[in-house]
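A short write-up of the structure that comes next.
The values are calculated or read from the model by the stated rules, or taken from the named source; none is laboratory data. In this text, all values refer to a predicted model and were calculated from it rather than measured experimentally. Using ideal geometry, Cβ is built from the backbone for each residue, glycine included, and neighbour counts are taken over all protein chains shown.
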Amino acid sequence: MRIENPRLYDALCDLQVDYRPRQCLADWTSLGVGGTTDLLIVENPARLPELISLLRQEGIPWRLLGGGTNLLVAEGELPGVVLQLSSREAGVEFHAQCVRVAAAANLGRMMMECARQNLGGLEGLAGVPGTIGGALRMNAGAYGAQIGQFVRLVRVFRCTTNRIETLDGSQILFAYRQSSFAPDDILLAAELQLLERPYEEILASIKMCNERRRATQPVHEKTAGCIFKNPPDYSAGKLIDELRLKGHRVGGAVVSERHANFFVNRYAATADDFFRLIELVRERVRQAFGVVLEEEIIVWKHRL
């Protein structure tokens, strides 16, 4: 969908929205595939209620783009528009062991700022790309740490009420790679209560996690992280590995030789290459083990 009405364009400017037409989402995602859309970068989250009301009045559907690091987007022109929170003012505030951080802030940079304040606990997420908002929505976790366990408050725009609300951590359910936020909730900021730890100890843990990640994951290739969630009592990567599918290729998409649950864009892959590879691997695992793998990545197709 293209925004061609000058009146609507002026209204977006008044709402402090940076309008960028015909953006190729391959340039906005770590996997490097995806179609085109109009991108609306929200400079002032306080204006979200007005912006969403405007889009509703105009009959324009929308989706939210975070850091784009766990996202597979279909090719072609996507329906509606895509919103993204600006990271320009995504700073970090410290109040004793509590950290207030914008959802658009980069997870890795936030962790290093916390380390310099002798605040840790999230070291297992070292090297996990993306934003705070994305990490909260999927309850990102690795090496024994999950971000949900540190959440005190989350400020969120709720599409159902068209209001910005503050949720206590006890009101939010966090589970393995999921949270209780509604699909159309827009996370704006969070307050985390971290653990007091010496800076040197935190850095040592971060270094260890980074070394493990570099040794076992294709960190220098285009990926979207783990493709599938681990089923109960199984490792998705181990199941795929046991079928000797490492290195298996569909078009330009390849099952990583380093980690079978990572699929990489090695040969100018298309989104369709990834869709076909995902279905091939899922079906092979189902046939061999009777286990149906569920996607961990977010998939955008043409239907909203």
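Some observations on this one:
- Of Glu211, Glu242, all but one fail to be at pLDDT 95 or above and more than 30 Å from Leu83 (Cα to Cα); the exception is Glu242.
- In the range 138-162, the qualifying residues are those that are touching a residue at least 60 places away in the same chain (Cβ under 8 Å) and either closer than 15 Å to Ser179 by Cα or assigned to a loop (DSSP other than H, G, I, E, B) (or both), and the one that is farthest from the chain's Cα centre (by Cα) is Asn162.
- Filter result for the condition that a residue is among the small types (Gly, Ala, Ser) and out of contact with any strand residue (DSSP E or B) (no Cβ under 9 Å at 6 or more places or on another chain), over Ser53, Ser30: Ser53
- Top-ranked residue of the range 163-179 - restricted to ones that are assigned to a loop (DSSP other than H, G, I, E, B) and out of contact with any Asp or Glu (no Cβ under 7 Å at 6 or more places or on another chain), ranked as farthest from Arg100 (Cα to Cα): Tyr176
- Residues that are exposed (fewer than 13 other Cβ atoms within 10 Å of the Cβ) and charged (D, E, K, R) were ranked within the range 162-203; the one that is farthest from Leu136 (Cα to Cα) is Glu200.
- For beta carbons closer than 6 Å, sequence separation of 6+ or different chains, a first residue in the range 237-261 that is farther than 21 Å from Val291 by Cα and a second that is in a loop (DSSP other than H, G, I, E, B) and among the acidic types (Asp, Glu), the qualifying pairs are Gly247/Glu257.
- Residue satisfying all of: in the range 89-128; part of a loop (DSSP other than H, G, I, E, B) and over 18 Å from the mean Cα position of the chain (by Cα); farthest from Gly34 (Cα to Cα) among these: Ala96
- Some residue of the range 126-147 being closer than 26 Å to Leu48 by Cβ and touching an Asp or Glu at 6+ places or on another chain (Cβ under 7 Å): no
- Among the candidates Ile41, Ile3, residue that is under 26 Å from Leu153 (Cα atoms) and not in a helix (DSSP H, G or I): Ile41
- Exclusive hit being among the basic types (Lys, Arg) and under 19 Å from Lys301 (Cα atoms), set Arg63, Arg20: Arg63
- Single match in Glu279, Glu191, Glu200, Glu283 (criterion: over 30 Å from Leu167 (Cβ atoms), in the same structural domain as Val151 (by TED's automatic domain parsing) and either in contact with a Leu (Cβ under 9 Å, 6 or more places away or on another chain) or not in a loop (DSSP other than H, G, I, E, B) (or both)): Glu200
- Residues (without any contact (Cβ under 8 Å) to a residue 60 or more places away in the chain and of a type in the set (A, V, I, L, M)) located in the range 163-206: Leu167, Ile172, Leu173, Ala175, Ala182, Ala204
- Output for the range 133-162, where each listed residue is touching a Leu at 6+ places or on another chain (Cβ under 8 Å), of a type in the set (Val, Ile, Thr) and more than 17 Å from Val99 (Cβ to Cβ): Val156
- Candidates are the residues of the range 272-304 that are out of contact with any Lys or Arg (no Cβ under 9 Å at 6 or more places or on another chain) and closer than 12 Å to Ala253 by Cβ; the one that is surrounded by the fewest Cβ atoms within 10 Å (Cβ to Cβ) is Glu279.
- For first residues located in the range 64-86 and at positive phi, partners that are assigned to a strand (DSSP E or B) and lie 6+ apart or on another chain with Cβ distances below 6 Å form the pairs Gly80/Trp62.
- Criterion violated by Arg47 - all others in (1) in contact with a strand residue (DSSP E or B) (Cβ under 7 Å, 6 or more places away or on another chain); (2) within 14 Å of Leu85 (Cβ to Cβ) satisfied: (1)
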